[in-house]
Amino acid sequence: MRIEEQQRLLGILRHGFDHAGEVHGTGIAQSPLADFTCPKLLAAERQTFFRDTPLFMGLSGDLPKPGRYWADSETGLSILMTRDEAGAFRAFANTCRHRGAQVVPDGRGKRLRFSCPFHAWTYGSDGALIAINREQRFGAVDKRAFGLIELPAVERHGMLWVKPTPGGEIDVDAMLDGLEDDMAHWGLAEHSYGASQIIEAPLNWKLAIDTFGENYHFDTLHRETLASDIRGNLQTHDIFGRNYRMVFALVHGFEEQAKSASNLNEWPFRSMTLCVYFVYPNTIFLVDGNAVDVIRIFPDKDTPGRSRTAHSFYVMPGAKADYAGHRYEERFDSFNAVVRDEDYHVAASMQRSANAGIQSHVLFGRNEPALLHYHNVHRAALGRPLLEVASA
Ligand code: FES
Ligand SMILES: [Fe+2]
């Protein structure tokens, strides 16, 4: 993010810190609860968003050196990501060309050879089929034609992108659609991998995304947790194509800065704000003063009312001692106390309302414009009618 842009955002937050924060939407929109319960819609979403669309998977720090790998099945297709011997980021369908078994169990590690657990066909980090166990007994196979099936994969601005379908290319600039400056600015390639967790929750994947879409709820749902750290009802809103950026003000960082320096030029943007990005179609990306979080949200199999949140965080170079000391569990504890135990807990009750079918719609207010954006970019991709602002 350019310095001028940081100052523009700080100016908005400073004004809102002293006055009531502005609202950005033009009216109220109605959103049907059937979007969270319909198996047919989920089948279309799985294909469009989790097979046909390039996905932001993680950061360069997931694969810091040649020989590192990461196998991940959250999209529904098992994907093997590697940094090959030449240092290139590669992605493959993690499925054996012999009989289709998953070659590498989900997880991370360091290995340049991958041996399938079923009959021990062996592949390299570049996907090449290197060896067939007892080849003479099996029969002649042209190994060059039976490497792992490669998937489009691009590393840019320290971000790792994969399209879970073979063929075609990934245009990262088109996916970021104006966020390139921000991503280049954060120095993501220099962040080191911290840890990962999965949160399984009884709520639709879009409901999980929605919980990151407004801070109208901070002073109520999070009054005992996040509200003491982040100012509620105050945020900036910017749209970048299908993506979205909100910036929140940290309660203490802002007050301290306002006292010590009146000139915005001197304000350390990153240590006084939390940036929340929605990166189309399913990722929430958080930037704070010490680390960044990649939060990828997926449907759980074919169940509209269940989701899986794959959360990894990455530590900024020169981060505070807390992170240099690798106190990762504490970071997850505080994240889970807010997101899992408060946001997802209440969103699970919204899923139960949707399942009960008593109420047909819910409302997105003028102060919740990101929700309207998220739902409409998903609707547009599926050729569905957009939600309209119903009243001022
Ligand atoms: S299925 Fe992998 S070696 Fe047989
Ligand atoms: Fe929340």
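Count charges around Ala347 for me, please; just the other residues with Cβ under 15 Å from its Cβ, Lys/Arg as +1, Asp/Glu as -1. Walk me through the numbers before you get to the answer.
Numbers: positive: Lys206, Arg306, Arg308, Arg340, Arg352; negative: Asp35, Glu200, Asp210, Glu214, Asp300, Asp341, Glu342, Asp343, Glu368.
That sum, taken over residues with Cβ under 15 Å, equals -4.
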Exercise. Hey, how many Å between the Cα centroid of region 231-309 and the Cα centroid of region 338-392?
Worked result: 19 Å
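How long is the gain from Glu329 to Ser353 if the chain were fully straight, where each residue apart is worth 0.36 nm and the alpha carbon distance is subtracted?
Details: separation 24, 0.36 × 24 = 8.64 nm, distance 3.32 nm.
Roughly 5.3 nm would be gained on extension.
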Problem set entry | Percent of alpha-carbon pairs separated by more than 31 Å within the chain | 40 percent
Seminar exercise, completed: Length-normalised contact order of the chain, Cα under 8 Å, at least 6 apart, in percent, tallies to 23 percent
Problem set entry | Rounded to the nearest 20 debye, dipole of region 56-170 from Cβ charges on Lys, Arg, Asp, Glu | 380 debye
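At a Förster radius of 45 Å, what calculated FRET efficiency corresponds to the Cβ-Cβ distance of Gln30 and Ser228, to the nearest 0.05? Kindly include the intermediate steps, with their values, before the conclusion.
Working: r = 34 Å, r/R0 = 0.75.
The pair Gln30/Ser228 has a calculated efficiency of 0.85.
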Exercise. Given the Cα-Cα distance of Val389 and Ser73 and 0.36 nm per residue of separation, how much length would full extension add, in nm?
Worked result: 110.0 nm
Problem set entry | Cβ-isolated cysteines (cut-off 4.7 Å), the chain | Cys38, Cys275
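I need the peptides 27-36, 358-367 ranked by packing, meaning the mean over residues of other C-beta atoms within 10 angstrom, with the highest value on top.
Result, highest mean first: 27-36, 358-367.
Once the piece of chain linking Arg111 and Gln7 is laid out straight, how much longer is it, given 0.36 nm per residue of separation minus the C-alpha distance between them?
Between Arg111 and Gln7, full extension yields 32.9 nm more.
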Exercise. Taking the chain as a Gaussian network, where each spring joins two C-alpha atoms under 10 Å apart, which residue of Gly139, Gly187, Gly100 fluctuates the most?
Worked result: Gly139
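Net charge around Glu200, counting only other residues with Cβ within less than 9 Å of its Cβ (Lys, Arg = +1; Asp, Glu = -1)?
Numbers: positive: Arg306, Arg308; negative: Asp300.
Residues close to Glu200 contribute a combined charge of +1.
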Exercise. Tell me, what ³J(HN,Hα) does each residue in region 185-196 have, in order and in whole Hz, if you take phi through Karplus 6.51 cos²θ - 1.76 cosθ + 1.60 with θ = phi - 60° and put x for Gly and Pro?
Worked result: 5, 6, x, 5, 5, 8, 6, 9, 4, x, 6, 9
Problem set entry | Residue-wise HN-Hα coupling along region 238-253, computed from phi with Karplus coefficients 6.51, -1.76, 1.60 (Hz; x: Gly, Pro) | 9, 9, 10, x, 8, 8, 8, 10, 10, 10, 9, 9, 6, 4, 6, x
Exercise. Any idea what angle helix 369-381 forms with the longest principal axis of the chain, computed on alpha-carbon atoms, 0 to 90 degrees, nearest 10?
Worked result: 30 degrees
Problem set entry | the chain: calculated mean residue ellipticity at 222 nm from DSSP helix runs of at least 4, using -39500 (n - 2.57) | -7500 deg cm²/dmol
For this session: Choose one answer from Asp341, Asp293, Asp177: the residue with the largest mean-square fluctuation in a GNM of the chain with alpha-carbon springs under 10 Å.
Result: Asp341
Problem set entry | Under-5 Å amide H pairs with Ser73, H placed in peptide plane, nonlocal only | Ile79
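For an R0 of 56 angstrom, estimate the FRET efficiency from the Cβ-Cβ distance between Asn263 and Asp142 and round to the nearest 0.05. Don't skip to the end; give the middle numbers.
Working: r = 68 Å, r/R0 = 1.21.
Computed FRET efficiency for Asn263 and Asp142: 0.25.
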Seminar exercise, completed: For Ile284, the net charge from surrounding residues (Cβ-Cβ under 15 Å; K, R +1; D, E -1) works out to -1
For this session: Compute the separation of the alpha-carbon centres of region 101-165 and region 38-90 and state it in Å as a whole number.
Result: 14 Å
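Only the coordinates and a few stated rules stand behind these numbers; no lab work does. Values in this document were obtained by computation on a predicted structure and should not be read as measured data. All Cβ positions, even for glycine, are placed from backbone atoms using ideal geometry, and neighbour counts span all protein chains on display.
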